[in-house]
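Before any comments, here is the structure.
Nothing in this text is a laboratory measurement; each read-out follows from the coordinates by a stated rule. For clarity, every value in this text was computed on a predicted model and none was experimentally measured. Every residue, glycine as well, gets a Cβ built from its backbone with ideal geometry; the counts of neighbours run over all protein chains shown.
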Amino acid sequence: MIPARTLLVGSGRIGSRVAAALRSGGAEAVTLRRSPASDPASSHVVADVGAPLADPLPAVDAVVFTLPPGAEPSFLADAVAHVARALPVPAARTVFVSSTRVFEGHTDGHPLTEDDEPRPRSERARQLVAGEARAVELLGASVLRPAGIYGPGRDRLIRQVLEGEPVDHDRRTNRLHETDVVRAILALLDAADPPQLLLGADERPATLGEVVAFLAERLGVPVPPRAEAAERRGTVLDGSRLRTVLGGLAYPTFEDGYGEMLAAR
């Protein structure tokens, strides 16, 4: 059952879409923002989660974190702790949106599942792992790790192809359409017994070369040339648990998602 009142910590595209979906279903969504919302009718709290919150947060049934890593290495873990301490009572359900970036140290190419341990190499990945751990420790969170999120307005790869920018054709890639990211968050809020960890990847892992070749063909432009191979070769992700939870994806492959985006151009 969808919670009656949810606090959205993070007001980017994903957080805003989750809030809109909750409200359209008759639930209340409160966003926590660093500055006032442009829509005065929206329900929001102004606070900086990078520091202890001066005032208590409203009582809520659920919390959803969609924060990106911050400038300080401890930002995400601290933000979770600050929110947890400011809640008057613990929320019954928490979802922490992380990233499959936490697997960047895996290099052998075997399909990764929820059973594989993170291997962060970058500061951003280590910050995500720390944020996940703090959310589970303090709030009993379910963690969603989406792969490369794309969708309307997220068209950087299309622009790269149009500009003929060289890419590493052999790099292994995974992605998930923004619509399915939102569906996954809502499913974790709604489930009677949600999984504690869920990978967000579609049914079609592909090399970057396969993706840009598809885009170039649809756009009627040459396939971008090969760039020098990057040190990190990418990963292959098994998103079968996500498909079970959702009963299928709205955009099962990159051809489905990018095909729709290109048709709308």
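I'm trying to understand the selection: among the residues of the stretch 114-170, which are more than 16 Å from the chain's Cα centre (by Cα), of a type in the set (A, V, I, L, M, F, W, C) and closer than 30 Å to Leu215 by Cβ?
Hits for the stretch 114-170 are Leu157, Ile158, Val161, Leu162, Val167.
Among the numbered criteria (1) of a type outside the set (Gly, Ala, Ser); (2) buried (at least 17 other Cβ atoms within 10 Å of the Cβ); (3) not in a helix (DSSP H, G or I), which single criterion is violated by Val129?
(3)
Looking at the stretch 159-181, can you tell me whether even one residue there is surrounded by fewer than 22 Cβ atoms within 10 Å (Cβ to Cβ), within 28 Å of Ala91 (Cα to Cα) and not β-branched (Val, Ile, Thr)?
yes
Each row is one residue, and each column tells you yes or no for (1) under 25 Å from Asn174 (Cβ atoms); (2) more than 21 Å from the chain's Cα centre (by Cα); (3) in a helix (DSSP H, G or I); (4) aliphatic (A, V, I, L, M).
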{"site": "Leu76", "(1), (2), (3), (4)": "yes, no, yes, yes"}
{"site": "Val80", "(1), (2), (3), (4)": "no, no, yes, yes"}
{"site": "Val89", "(1), (2), (3), (4)": "no, yes, no, yes"}
{"site": "Val102", "(1), (2), (3), (4)": "yes, no, yes, yes"}
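Can you tell me which residues in the stretch 1-19 are farther than 21 Å from Pro194 by Cβ, free of Cβ contacts under 8 Å to residues at least 60 places away in the same chain and in a helix (DSSP H, G or I)? Reasoning before the result, please.
First, pick out the residues of the stretch 1-19 that are farther than 21 Å from Pro194 by Cβ: 11-13, 16.
Next, only the ones that are free of Cβ contacts under 8 Å to residues at least 60 places away in the same chain stay: 11-12, 16.
Answer for the stretch 1-19, where residues must be farther than 21 Å from Pro194 by Cβ, free of Cβ contacts under 8 Å to residues at least 60 places away in the same chain and in a helix (DSSP H, G or I): just Ser16.
Looking at the stretch 189-217, which of the residues that are among the charged types (D, E, K, R) and more than 21 Å from Gly148 (Cα to Cα) is farthest from the chain's Cα centre (by Cα)?
Top of the filtered list is Glu217.
Report, by residue number, each residue of the stretch 72-94 that is among the charged types (D, E, K, R) and either surrounded by fewer than 18 Cβ atoms within 10 Å (Cβ to Cβ) or in contact with a helix residue (DSSP H, G or I) (Cβ under 7 Å, 6 or more places away or on another chain) (or both).
Glu72, Arg85, Arg93
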